[in-house]
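Q: Pasting a structure below so you can have a look.
The values are calculated or read from the model by the stated rules, or taken from the named source; none is laboratory data. All of these numbers come straight from a predicted model, not from anything done at the bench. Cβ placement follows ideal geometry from the backbone for every residue including glycine, while neighbour counts extend to all protein chains displayed.
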Amino acid sequence: MNLIPLPAFQDNYLWLLHDGQRALVVDPGDAGPAQSYLEANGLRLEAILVTHHHADHTGGVDALREATGARVWGPARESIPGPFTRLAEGDRIEALGLSFEVLDVPGHTAGHIAYYCADWQGAPLLFCGDTLFSGGCGRLFEGTAAQMFDSLRKLADLPGAARVCCTHEYTLSNLKFATAVEPGNSQLIHYRQQCEQKRSHGEPTLPSSIALERQVNPFLRTRIPAVAQAAHRHAGADEADAVAVFAALRQWKNEFR
Ligand code: ZN
Ligand code: FE
């Protein structure tokens with residue numbers, strides 16, 4: 001089986017899984033890149049998985065469903081182009097012979113979900129939409145800092161080997177911010193160099209892994225003293241309050257250039 005990040009718009013990826021015959025696509029904001037890939041490779045689209053309602057994740061759903069007859073799954077608490085099967089925490093779906101568990105991860109949007117496959121070619125696979133990015137996290141459009149903090153902790157507690165398929169190539173700007181928060185993190189500095197190399201060759205920095213994100217992503221490191229101290233220095237956050245540290249980091253990132 002193959003896992004392909006298809007670039008769309010400025011910095012989105014539509015993730016496509018296929019076995020040479022059948023395919024699954026996650027968050028098709030634009031049908032075009034998916035359709036081209038399906039045609040070029042002679043694939044039949046069976047499933048469309050949606051993490052949240054934003055247009056850059058759903059804009060291609062109708063065109064793909066009409067062109068292929070693919071079944072659509074999406075978040076129970078959000079409205080996306082229907083018909084679709086509504087999913088929430090604890091639900092399981094089968095697609096391409098794989099089993100995906102649904103996780104509720106509110107914060108970026110109120111009903112955001114993620115899809116977790118416990119074993120895909122020897123390691124877990126996570127489609128997390130705009131919740132967790134490499135080196136960063138989604139903006140809080142509809143949820144609270146406490147909700148997003150809990151959602152990110154749920155993802156951080158997954159096995160370290162889990163491959164993290166985020167839907168935006170925001171890694172370099174995230175790592176610039178991460179370095180401002182935690183300039184002494186040598187793994188972060190090394191990872192940033194690797195990602196700069198990849199981007200200079202036009203390669204995606206994704207998928208990442210949960211183990212890597214625990215080492216470099218400040219939003220998963222709010223209990224690390226250097227991170228908590230930086231949030232305190234920047235915004236007066238109580239270093240002992242991990243949610244307050246998280247909220248201060250998220251606000252700081254919103255203003256960071
Ligand atoms: Zn979004
Ligand atoms: Fe998005």
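Q: Which residues, counting only those in region 19-30, are crowded, with 22+ Cβ neighbours inside 10 Å and either part of a helix (DSSP H, G or I) or in contact with a Lys or Arg (Cβ under 9 Å, 6 or more places away or on another chain) (or both)?
A: A23
Q: Restricting to region 95-136, name every residue that is in contact with a strand residue (DSSP E or B) (Cβ under 8 Å, 6 or more places away or on another chain), of a type in the set (A, V, I, L, M, F, W, C) and not in a strand (DSSP E or B).
A: L96, V105
Q: List the strands (runs of 3 or more DSSP E) that sit entirely inside region 36-87 and contain at least 2 residues that are surrounded by fewer than 23 Cβ atoms within 10 Å (Cβ to Cβ) and touching a Phe, Trp or Tyr at 6+ places or on another chain (Cβ under 9 Å).
A: 71-75, 85-87
Conditions tested, residue by residue: (1) in contact with a Phe, Trp or Tyr (Cβ under 6 Å, 6 or more places away or on another chain); (2) in a helix (DSSP H, G or I); (3) modelled with pLDDT under 95; (4) farther than 16 Å from A178 by Cα.
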{"position": "I189", "(1), (2), (3), (4)": "no, yes, no, no"}
{"position": "R192", "(1), (2), (3), (4)": "no, yes, no, no"}
{"position": "Q197", "(1), (2), (3), (4)": "no, yes, no, yes"}
{"position": "E203", "(1), (2), (3), (4)": "no, no, no, yes"}
{"position": "E213", "(1), (2), (3), (4)": "no, yes, no, no"}
{"position": "T222", "(1), (2), (3), (4)": "yes, no, no, no"}
{"position": "A228", "(1), (2), (3), (4)": "no, yes, no, no"}
{"position": "A237", "(1), (2), (3), (4)": "no, no, no, yes"}
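Q: Residues S173, S186, S134: which one is surrounded by 23 or more Cβ atoms within 10 Å (Cβ to Cβ) and hydroxyl-bearing (S, T, Y)?
A: S134
Q: Now for a different question. Test of understanding: among L140, L158, which residue is more than 16 Å from ligand 2 (Cβ to nearest atom) and surrounded by fewer than 23 Cβ atoms within 10 Å (Cβ to Cβ)?
A: None of the others qualify; the one that does is L158.
Q: Sort out which residues of region 99-138 are among the aliphatic types (A, V, I, L, M) and more than 15 Å from ligand 1 (Cβ to nearest atom), and write them in order of number.
A: Across region 99-138, the qualifying residues are V102, L103, A118, A123, L125, L126.
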